[in-house]
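As structure tokens, the structure follows; a few thoughts come after it.
The values are calculated or read from the model by the stated rules, or taken from the named source; none is laboratory data. If you're wondering where the values come from, they're calculated on a predicted model, not measured in any experiment. Note: ideal-geometry Cβ built from the backbone for every residue, glycine included; neighbour counts use all protein chains shown. Areas reflect the complete protein model, heavy atoms only, side chains present, ligands, DNA and RNA absent. Shrake-Rupley method; radii C 1.70, N 1.55, O 1.52, S 1.80 Å.
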Amino acid sequence: GNIEILNLDMKPGDTLKVKGKIHPDTVGFSINLGCNSRDLAFHFNPRFNESVIVCNSKCSDSWQTEHRDHHLPFYRGCTVKFFIEMLSDRFRVKLPDGHEVYFPNRHSYRRISYVSIMGGLKVISFKL
């Protein structure tokens, strides 16, 4: 159930609202924001086998330095709702329990045109 959108128009101040059901047997899922699959401003990747949320960016198909947050407030088989907000200098993810994850806008993108949702998340709703 992977989703890829190539004509998103996300700018600083915009919030992406994602609601989905996590597959009961998944190792994780990822949400990627950027220009295309090779250039990502923000990679959001909860990994259930490691109990961690990994955030990263990608430039010309090369991953950069990972940021790891060991606060994972959801689990396999549950329905989740979270928000990804694009600020001028960083991304803010509001998790279901109120915890927030911040990740810098390393490439200073002013516009995000690409989004993909991959792995074990069945999207119920998706709104910008």
Go through the residues of segment 22-32 one by one and say whether even a single one is under 13 Å from the mean Cα position of the chain (by Cα) and either aliphatic (A, V, I, L, M) or open to solvent by 50 Å² or more (accessible area, probe 1.4 Å) (or both). yes
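Would you confirm whether any residue within segment 9-16 is under 18 Å from residue 128 (Cβ atoms), among the acidic types (Asp, Glu) and in a loop (DSSP other than H, G, I, E, B)?
Yes, that holds for at least one residue.
Any idea which residue in segment 102-118 is farthest from residue 5 (Cα to Cα), counting only those that are open to solvent by 20 Å² or more (accessible area, probe 1.4 Å) and within 12 Å of the chain's Cα centre (by Cα)? Lay out the reasoning, then the answer.
Filtering segment 102-118 down to residues open to solvent by 20 Å² or more (accessible area, probe 1.4 Å) leaves 102, 104, 106-111, 113, 118.
The next check asks that each one be within 12 Å of the chain's Cα centre (by Cα); those that pass are 102, 118.
Values: 102: 23, 118: 12 Å.
Checked segment 102-118; the qualifying residue farthest from residue 5 (Cα to Cα) is 102.
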How many residues, within segment 74-97, are open to solvent by 40 Å² or more (accessible area, probe 1.4 Å) and either touching a strand residue (DSSP E or B) at 6+ places or on another chain (Cβ under 8 Å) or within 25 Å of residue 25 (Cα to Cα) (or both)? 11
For segment 1-10, give me each residue that is in contact with a Leu (Cβ under 8 Å, 6 or more places away or on another chain), within 27 Å of residue 108 (Cα to Cα) and exposed (fewer than 14 other Cβ atoms within 10 Å of the Cβ). 9
Looking only at segment 34-68, which residues are hydrophobic (A, V, I, L, M, F, W, C), over 20 Å from residue 8 (Cα atoms) and touching a residue at least 24 places away in the same chain (Cβ under 8 Å)? 48, 53, 55
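Which of the residues spanning segment 36-60 are hydrophobic (A, V, I, L, M, F, W, C) and buried (at least 16 other Cβ atoms within 10 Å of the Cβ)?
Result: 40, 41, 42, 44, 48, 52, 53, 54, 55.
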May I ask you to list the residues in segment 11-21 that are open to solvent by 70 Å² or more (accessible area, probe 1.4 Å) and more than 17 Å from residue 79 (Cα to Cα)? 11
